[in-house]
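To start, the structure under review is shown below, and the notes come after it.
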Amino acid sequence: DAGVIQSPRHEVTEMGQEVTLRCKPISGHNSLFWYRQTMMRGLELLIYFNNNVPIDDSGMPEDRFSAKMPNASFSTLKIQPSEPRDSAVYFCASSLRGQGAYEQYFGPGTRLTVT
Amino acid sequence: AQTVTQSQPEMSVQEAETVTLSCTYDTSESDYYLFWYKQPPSRQMILVIRQEAYKQQNATENRFSVNFQKAAKSFSLKISDSQLGDAAMYFCAYRSAMETSGSRLTFGEGTQLTVNP
């Protein structure tokens with residue numbers, strides 16, 4: 001089975017531009033998570049979905065960030081407008097809620113650089 | 001809120017030797033899950049091992065095992081017969097088992113492991 005797929009793997013953009021990160025969870029998984037990793041703050045949860053419904057978006061830094069999950073196999077994280085402080089690695093993870101420990105499986109991440 | 005602490009920013013081990021990475025956590029909950037993730041230079045987050053808090057037996061996965069001390073809120077990872085491919089950043093993570101707490105993982109700061117040939 002394919003793992004979590006993220007695109008693009010690298011994104012370089014200029015301040016003020018819109019950035020869209022994409023994620024395809026593992027087939028059959030019903031929970032999806034967006035994390036951000038920076039040197040200063042480590043790994044932090046931005047938002048997660050259960051059955052395509054956003055459950056907790058308290059980690060979304062500000063209104064410039066938005067996330068959607070239109071169906072069970074696709075999610076986007078959008079930053080508009082982007083700022084240099086948004087530079088980070090963004091991970092998508094998925095899990096099968098309802099079974100045991102609900103291990104989260106991570107995608108390869110998108111390294112975002114905002115200049 | 002739960003917190004996870006990894007007090008060793010860096011560790012090193014000789015190839016074929018054993019190393020133990022430390023992790024402590026703070027929670028008022030009695031039911032939860034603990035995980036160790038590995039992040040090699042490729043930055044892919046790889047699940048290494050998990051432990052259910054209600055289980056007294058320590059989890060083991062091949063060369064990886066944990067020492068789970070619930071009363072002390074300690075969850076260390078032991079890597080036996082270290083291999084060069086074990087070199088990575090290791091993260092300890094906590095997840096509540098309570099539905100009302102959601103499914104978020106709370107991560108420690110990470111420990112960078114170097115394996116010397």
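Just so you know, all these numbers are worked out from the coordinates, no wet-lab data involved. Because the structure is a prediction, the values reported are computed rather than measured. Note: ideal-geometry Cβ built from the backbone for every residue, glycine included; neighbour counts use all protein chains shown.
Its Cα centre serving as origin, chain B has a Cβ charge dipole (Lys and Arg +1, Asp and Glu -1) of approximately 180 debye. I'd like the antiparallel share, as a percent to the nearest 5, of DSSP beta bridges with both residues in chain B. Antiparallel bridges make up about 85 percent of those DSSP assigns within chain B. Spatial offset of region B:57-77 relative to region A:1-42 amounts to 30 Å, using the alpha carbon center of each. Here chain A is described by how far its Cα atoms reach on the three principal axes: 42, 27, 27 Å, from widest to narrowest. For chain A, the relative contact order is 37 percent, taking Cα pairs closer than 8 Å that sit 6 or more residues apart in sequence and dividing their mean separation by the residue count.
If the Kirkwood radius is taken over C-alpha pairs of region A:65-113, then at 10 °C and 1.306 mPa s the Stokes-Einstein diffusion coefficient equals 125 µm²/s. Counting only other chain Cβ atoms within 10 Å of each residue's Cβ, the peptide A:34-43 averages 3.
The HN-Hα couplings worked out from phi for region B:40-57 by the Karplus form 6.51 cos²θ - 1.76 cosθ + 1.60 (θ = phi - 60°) are x, x, 5, 6, 5, 8, 10, 5, 9, 6, 9, 9, 8, 5, 7, 8, 7, 6 Hz, whole numbers, x standing for Gly and Pro.
Look at the stretch A:47-54: the mean tally of other chain Cβ atoms within 10 Å of its residues' Cβ atoms is 1.
Exactly which GluC sites (Glu not before Pro) in region B:5-94 are in a DSSP loop and have at most 16 other Cβ atoms within 10 Å? Taking region B:5-94 and a limit of 16 other Cβ atoms within 10 Å, the loop GluC sites (Glu not before Pro) found are B:15, B:17, B:29. Bridge orientation summary for chain A: considering DSSP beta bridges with both residues in this region, about 90 percent are antiparallel.
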